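Participant: Got a structure for you, written out below as structure tokens; questions coming shortly.
The values are calculated or read from the model by the stated rules, or taken from the named source; none is laboratory data. None of these values were measured; they are calculated from a predicted model. With ideal geometry, Cβ positions are generated from the backbone for all residues, glycine too; neighbour counts draw on all protein chains shown. For the accessible areas, the whole protein counts, side chains as well, though only heavy atoms, and no ligand, DNA or RNA atoms are used. Shrake-Rupley method; radii C 1.70, N 1.55, O 1.52, S 1.80 Å.
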Amino acid sequence: MSTVRRPDHRSEHRAARGTHATGLRHVLTHLITPLLMCIGMGLAYLGAFAHPAPHHLPVAVVGSGRSAQLLAQSINDKAGGDLEVRTVGDRSAAVDRLKHQDIFGAYVIPAHGARGAAGTAGAPVAKDAPGGADRAGETGASSASEGTSGARGAEAPGSAAPELLVATAASDTSATVVQKVFTPIAAHQGAPLKVTDVAPTAADDPTGQGIFFLLVAISIGSYASVAVIGGAGAVLPLRLRTALAIGTSFVVGLIGTAFAGPVFHLVGHGLGGLWGMAWLYSAGILLIGTGLHTFLRRWTTLAVMTLFVMLNFTSSGGIFRPEMQNGFFAALHSFWNGAGFVEGTRSHVYFDGYGLSGHVWTLVWWLVVGLVMIGVAALAEKRRRTAEAEATAHAAAVAAAAVAATVPEPAPERSGRPRRTAGGAGAGHGSAEAAAALEEEMEEAVGV
């Protein structure tokens, strides 16, 4: 009587559990990357944007008399390092410094109101200013009331109103902070503060932050392409991947220029120059990322996001200038590629190219870093291929030697004609099996 063996459910269950455990470990390992991205983005964005406050924000008091000097000194004394107040001789000099971004606000004392400007200014400061603007405004008001020549009283009727010069194209948030600082001081003049924008932004970009979001679009197109070129293009030679990176940056630059010009009208002129900076910026990211992929593999995405999102967007100056940030991000602003693109675009579009060459050189140096990274990756891949070829050749030689040592040499024949034996067919079959076994051993040795 035959018996039917039942399947071993316990062994099947153990096998399934082993498969699930392996898959779970695989998923948990890959979850490390997005979790690190979450931590990095939180630290970068909240560290850079959560508590904006002026740090040595340069502003000016326009006037050559003693009252202007006393007002500037008293604001400096009370600001505690938040502001860096200086005096400028006349209005035209103040406008020139604003357009060179040496200062971000200039308070023009009325010709007949210098003494009133140094008097009391007790108007409350609005509480909607970014970060430390309230404190800066309060120090400005108290300094105006405590310092200077001891003059008292309101401005005489009919006198000119105090004027504040700003350049919103340099930074709308900085202009807002400056206005919050000087509004209480101007309130004593008996007339509302007159605000004059000497470098306004485009009509379709009233806050001037469209350039920052253009930076975001170009950056995402660049670093996302790195993952495609490094992943799907891993089988291609590095020279082809490099060509793909340069070609992709060309297209990304065109897309960014289209967004800035005909699509959203962020820029009214100079589209050719903007495309050139967009191409330099994108090419630097793509070349650096393509080179890094040779060494980092699946960690490349985390690396490029750290370099070109976490540290890049936060230090670009597109939302808050470095004078409104802590020392770490303010220091990055001086040489990071996102700052080079944002400040270069501002200079090219709004400030007649002043300082443009320095920002373009920043982008060029990042492109050079990308080319150097490609060169290092090429050397590493060449050495890797050489090592693999040597290992394969060595394994094949070892296998051949092992086979030669184990397979006996054929015995020499005693006569000119081979002697037919009854086992001839079997011997031929055996030699075929030996040849197949030899081929199989060779394949295993070289790893085919």
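Participant: What distance in nm lies between label points placed 7 Å from Cα along the C-beta direction at ARG383 and LEU254?
Facilitator: 3.9 nm
Participant: Separation between the LEU240 and ALA402 pseudo-spin-labels, each 7 Å from Cα along Cα→Cβ, expressed in nm?
Facilitator: 3.5 nm
Participant: When the solvent-accessible surface of protein heavy atoms is calculated with a 1.4 angstrom probe, in what order do HIS348, HIS265 fall, highest first?
Facilitator: Largest accessible area first, the residues go HIS265, HIS348.
Participant: Leaving ligands and nucleic acids out of the surface, order ILE319, ILE32 by accessible area at 1.4 Å, largest first.
Facilitator: On the way: ILE319 35, ILE32 75 Å².
The ranking, largest first, comes out as ILE32, ILE319.
Participant: Hey, another quick one. When the convex hull of the Cα atoms of the stretch 265-382 is projected onto a plane and the area is averaged over all directions, what value comes out in nm²?
Facilitator: Details: hull surface 32.1 nm².
Reported value for the Cα convex hull: 8.0 nm².
Participant: Hey, quick one: spin label on MET37, modelled 7 Å out along Cα-Cβ, who in the stretch 286-309 has an amide N within reach, i.e. under 16 Å?
Facilitator: 297-309
Participant: Please compute the Cα-Cα pair-distance distribution of the stretch 181-294 with 10 Å bins starting at 0, giving whole percents from short to long.
Facilitator: 13, 33, 21, 15, 10, 6, 2, 0
Participant: How high is the relative contact order of the stretch 160-294? Use alpha-carbon pairs under 8 Å, at least six apart in sequence, and give a whole percent. Before the final figure, lay out the partial values.
Facilitator: Numbers: 151 pairs, mean separation 34.0, N = 135.
The value is 25 percent.
Participant: Would you calculate the separation in nanometres between label points at SER64 and ASN326, each defined as 7 Å from the Cα along the Cα-to-beta-carbon direction?
Facilitator: If labels sit at SER64 and ASN326, their model points lie 4.5 nm apart.
Participant: How large is the translational diffusion coefficient of the stretch 173-241 in µm² per second when you combine the Kirkwood radius over alpha carbon pairs with Stokes-Einstein at 4 °C and 1.567 mPa s?
Facilitator: 78 µm²/s
Participant: Note the full-extension length gain between SER11 and ALA217 as 0.36 nm times their separation in residues minus their Cα-Cα distance, in nm to one decimal. Intermediate results must be reported in sequence, preceding the final value.
Facilitator: Working: separation 206, 0.36 × 206 = 74.16 nm, distance 5.34 nm.
Gain on extension, SER11 to ALA217, equals 68.8 nm.
Participant: Another question, if that's okay. Where in the stretch 299-315 does the amide nitrogen come within less than 19 Å of the point 7 Å from the Cα of ALA50, taken along Cα to Cβ?
Facilitator: 310-315
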